[in-house]
Amino acid sequence: MYMNLVTSEFHQTVEGLISNLTEENYIDVEEYRLARKHNALPIGIDLWIYIFLTPYGEAILDDGESDNPEILRTTQAIIRVVAGAKRYPQLEKFIPNRPNGSKVCPACDGTKNFGQDVSSRKPVRCVVCGGLGWVIDEA
Ligand SMILES: [Zn+2]
């Protein structure tokens, strides 16, 4: 019923990004280690958890210490990760338009920002919707 975000083009784009990364593209050695371990694209660090995107449309959340990192496969999770992946402009085209049946993000109330950065006092992108302002209902 819902959009097919993870197309073969998506797969190839993410794989291409992964294979083009060089060591200096990583935030730190831990991100490098985990990216190699998961064979996934490093997206960023959120609350001390490293976020990765696989070519198969999975979001991997790994704190580097757990044997069982969390793997998210819901469409919402992937949209959130892709929308938040400012490191890779190549992923922008995969951010979908707001679909029918979506609802205003309950965390940011559609403002796309949630809270503010402790040091800079700048608004922080909403982590629930990835800065889109909407979420989709997934049972
Ligand atoms: Zn939000």
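The values are calculated or read from the model by the stated rules, or taken from the named source; none is laboratory data. A quick note: this is a predicted structure, and the numbers were derived from the prediction, not measured. Backbone-built Cβ (ideal geometry, glycine too); neighbour counts: all protein chains shown.
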Subset of the range 128-139 (residues that are near the ligand (Cβ under 8 Å from one of its atoms) and either assigned to a loop (DSSP other than H, G, I, E, B) or more than 26 Å from VAL14 (Cβ to Cβ) (or both)): VAL128, CYS129, GLY130, GLY131, LEU132, GLY133
Tell me, please, whether a residue that is surrounded by 17 or more Cβ atoms within 10 Å (Cβ to Cβ), over 19 Å from GLY16 (Cα atoms), among the small types (Gly, Ala, Ser) and touching a strand residue (DSSP E or B) at 6+ places or on another chain (Cβ under 8 Å) can be found in the range 83-97. no
If you take just the helices (runs of 4 or more DSSP H) that sit entirely in the range 1-102, which of them hold at least 3 residues that are at pLDDT 90 or above and touching a Leu at 6+ places or on another chain (Cβ under 6 Å)? 8-20
Would you point out the residue of the range 114-127, among those that are closer than 23 Å to LYS93 by Cβ and part of a loop (DSSP other than H, G, I, E, B), that is farthest from the ligand (Cβ to nearest atom)? VAL127
Six or more apart or on different chains, Cβ atoms under 6 Å: show the pairs whose first residue is in the range 119-135 and under 11 Å from LYS103 (Cα atoms) and whose second is of a type in the set (Lys, Arg) and within 8 Å of the ligand (Cβ to nearest atom). GLY133/LYS112
Looking at (1) assigned by TED's automatic domain parsing to the domain that holds ILE18; (2) surrounded by fewer than 14 Cβ atoms within 10 Å (Cβ to Cβ); (3) of a type outside the set (A, V, I, L, M, F, W, C), which is the only condition SER119 fails? (1)
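Does any residue of the range 92-112 turn out to be more than 16 Å from the ligand (Cβ to nearest atom) and within 12 Å of the chain's Cα centre (by Cα)?
Going through the range 92-112, the residues more than 16 Å from the ligand (Cβ to nearest atom) turn out to be 92-94, 97, 100-101.
Narrowing further to those that are within 12 Å of the chain's Cα centre (by Cα): 92, 94.
Looking through the range 92-112, at least one residue is more than 16 Å from the ligand (Cβ to nearest atom) and within 12 Å of the chain's Cα centre (by Cα).
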